[in-house]
1. Looking only at the range B:96-108, count how many residues are among the β-branched types (Val, Ile, Thr) and away from chain A (no Cβ under 14 Å).
2. With respect to A:Lys170, is the statement that it is within 10 Å of chain B (Cβ to nearest Cβ) and over 21 Å from B:Phe132 (Cβ atoms) true?
3. Cβ-Cβ below 7 Å, separation at least six or inter-chain, first residue in the range B:122-133 and more than 7 Å from chain A (Cβ to nearest Cβ), second outside any loop (DSSP other than H, G, I, E, B) and surrounded by fewer than 22 Cβ atoms within 10 Å (Cβ to Cβ): which pairs?
4. Looking at B:Val141, B:Val119, which one is under 24 Å from the mean Cα position of the chain (by Cα), at pLDDT 95 or above, more than 24 Å from B:Thr232 (Cα to Cα) and open to solvent by less than 50 Å² (accessible area, probe 1.4 Å)?
5. All but one of (1) open to solvent by 10 Å² or more (accessible area, probe 1.4 Å); (2) under 19 Å from A:Pro384 (Cα atoms); (3) aromatic (Phe, Trp, Tyr) hold for A:Trp304, so report the exception by its number.
6. Look through the range A:29-74, keep the residues that are among the acidic types (Asp, Glu) and within 8 Å of chain B (Cβ to nearest Cβ), and return whichever of them is farthest from the chain's Cα centre (by Cα).
7. May I ask you to verify whether B:Ser18 is touching a residue at least 24 places away in the same chain (Cβ under 8 Å) and open to solvent by 10 Å² or more (accessible area, probe 1.4 Å)?
8. Could you tell me which numbered condition B:Gln93 fails, if it satisfies all but one of (1) among the polar types (S, T, N, Q); (2) away from chain A (no Cβ under 14 Å); (3) closer than 30 Å to A:Leu318 by Cβ?
2 protein chains.
Amino acid sequence: MIFSKTEYLLRLLKVKESMSQKKMDVIILSDPSNMNYLTGYDGWSFYVPQGIIVALELDEPIWFGRRQDSKGAKVTTYLQDKNIIFYPEDLIQSPPTHPYDFVSSFIHENNWANKNIGVEMDAYYYTAENHFRLTSTCPNVNFSDATLLVNWIRLTKSANEINYMKQGAKLVEAGMKTAFNNIKPGVKQSFVAGKIQNSLIAGNDEINIGGEYAGLTTILASGISASASHLTPKDKLFENNEGTIIELAGVKNRYHCPLSRTVYTGKPDSKTTDTMKITNEGVEKAILVTKPGNTANDVAVAFWSVLEKYGIEKDSRLGYAIGIGYPPDWGEHTMSIRKNDMTVLQPNVTFHMIAGMWMDTWGLEISESINVTENGCELLCNLPRELHLV
Amino acid sequence: MIFSKTEYLLRLLKVKESMSQKKMDVIILSDPSNMNYLTGYDGWSFYVPQGIIVALELDEPIWFGRRQDSKGAKVTTYLQDKNIIFYPEDLIQSPPTHPYDFVSSFIHENNWANKNIGVEMDAYYYTAENHFRLTSTCPNVNFSDATLLVNWIRLTKSANEINYMKQGAKLVEAGMKTAFNNIKPGVKQSFVAGKIQNSLIAGNDEINIGGEYAGLTTILASGISASASHLTPKDKLFENNEGTIIELAGVKNRYHCPLSRTVYTGKPDSKTTDTMKITNEGVEKAILVTKPGNTANDVAVAFWSVLEKYGIEKDSRLGYAIGIGYPPDWGEHTMSIRKNDMTVLQPNVTFHMIAGMWMDTWGLEISESINVTENGCELLCNLPRELHLV
């Protein structure tokens, strides 16, 4: 168990409070991060329908999934066996049958067929078909949208959660240093990506902990490919005089600490060095206003004030809340660091401030994972932000 | 470009034929594997809404996604710039606005608002909210289900596709040998997982190619955790006298070659060795009947005839079609190797035959990635299947 049962029950209490306010008797959660947050469940089983059911009338959540994953629920959650239910294996990828017919039957068996039930309409793995199966077989349920209900509760972290993110910071620093030490002209991107993965997961003797797979794979792209935001390493060779963007996360007990840096092989041109200088000035200014009472908007305004001073445009957001993550993402999907996001910062709100400057034919990235403290903020990693020259 | 434009257009032709038969004027594809299959698009951007639109009236597909990923579409696809469309960054995770409002507008602009449009109701990343946005804003569209339409066309592979899977085979053999060489009592699972990742992605001097991230992460679980099917490596130490299941894939140009084996530290008990012997006998018998003209059912019947002879039960399927994959999966979701799946095998159908024996408190796995040939089949990997003893 990664957390005490008390910590899980405290989370559950907050979720039930929010359900009561929203007049939901039951919620069905599909987002693997929300499943993990409330029960500890941890397995790469989200490629088939599964979820957590929270009912106001029940003391503890219910895990549902395929039969062969129910043993994983017994190993990784605090739930009693009676709260772990499963559908038969012959429902897996076997249309016209579908696992959500099982969920529907469960709703009827529990006399919830005329209740208010929240579903995560826009969560990963809650497909249109899942919803169609429920709505067509439970015509008297009042379905409403529970998207982000749990995610917003995740925004503020406990001391234990911050501790795991700080372990992730050690891992991602090791991964980034491995990138710095291995990128050179003539070397394959895939060679470096393999070494990075080893550092992120095996760790090293100095930090003496290992990590886990991340919600996003290693993003590593050079030259014109660095003008895009999500391209991944191939057998392409690093060349002279090109920039490479790198985005990684160290992960401990599913808690993520992401970090981005940019490497340049050879002598960078002035547009690259100038843009990096300006971006860094913006990030520094944004960090200075990151403190309780200020809003996400305030942080964004500080950053863009620098960009505007130099006439540089950036239309993508500057960051997002982080914590637990499963593929395809490590963001929490709640607060974004962008203008008009009026979320008020509080101590132990954690976010990834990422200044991705994706230009027409080139790009650069720097980022910090940040924890809001009582009086300001702390950077989880400690690694220079300037362009790393090879 | 991974394939010639001709190969992509041949795929498109087959998709359009299937659309015509199903009376769909337009289809919207959300499954990243289907996006890749028809256009070459390759980026870890599926954590935000994106897709491919195929219209009978248009010569080439349309890619849509967020603005900062549109450059990735230009780098990785054969599409003309006018077929790459994007929505503004401020729609990202910014309710009540939503990227599918943009897709809806595009439907109206193209005068498709009273057409027959297929959507992948049960595909990854096609959320209930995506569908709600489309149906509520396009009331005169006749929406129908295009789930698996493209996937079924992917079932039979070209020579180029098989070639990439064979490169994946070299990588996964290297990864599995790394597991064999590093698992020993007292070593952390995460240490071995890092080394495995390095082998799968960096490759080695002998094979001289690198790989890519897989649709599923490294599955590695020991002792009681091996009774579950999808648990992942942690900082737990390998112990004496326990079995460890390992499931990996080598990936080249998104084509997967998965492989499972079981390692035992110490002297295995008779239930483990007996079950492994029986499982192997079943797999051998199943391989013998894997040939064109036979069905998936025939292969399953051959396998279970051995299990039944020895009184062993297994309720999960024996395998599934493989090829292109993105998280969360590397399966194609079409043919399953199970009784009553009457899919007829043909040359260049590729599948993962996985005999996962997840028992009450322990488990073992062996698998082969298989290509159906003119007269029988070929195993893509060449690695002994017996229990690997440490």
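1. Initial filter on the range B:96-108 (among the β-branched types (Val, Ile, Thr)): B:97, B:103, B:107.
Then drop every residue that is not away from chain A (no Cβ under 14 Å), which leaves B:107.
The number of residues fulfilling the criteria is 1.
2. Values: within 10 Å of chain B (Cβ to nearest Cβ): no; over 21 Å from B:Phe132 (Cβ atoms): yes.
No; evaluated as a whole, the condition is false for this residue.
3. B:Arg133/B:Asp101; B:Arg133/B:Ser104
4. On the way: B:Val141 fails: under 24 Å from the mean Cα position of the chain (by Cα).
Only one candidate qualifies: B:Val119.
5. The number of the failed condition is (2).
6. Quick first cut of the range A:29-74, residues among the acidic types (Asp, Glu) only: A:31, A:42, A:57, A:59-60, A:69.
Cutting the leftovers down to within 8 Å of chain B (Cβ to nearest Cβ) gives us A:42, A:69.
Working: A:Asp42: 15, A:Asp69: 23 Å.
Ranking the candidates gives A:Asp69 first.
7. Working: touching a residue at least 24 places away in the same chain (Cβ under 8 Å): yes; open to solvent by 10 Å² or more (accessible area, probe 1.4 Å): yes.
When the stated conditions are applied, B:Ser18 passes them.
8. (2)
The values are calculated or read from the model by the stated rules, or taken from the named source; none is laboratory data. Predicted model, so just to flag it, every value in this text is computed and none were measured. All Cβ positions, glycine included, derive from the backbone under ideal geometry; neighbour counts span all protein chains shown. Ligands, DNA and RNA are stripped out before the accessible areas are found, and what is left, the full protein with its side chains, is counted by its heavy atoms. Shrake-Rupley method; radii C 1.70, N 1.55, O 1.52, S 1.80 Å.
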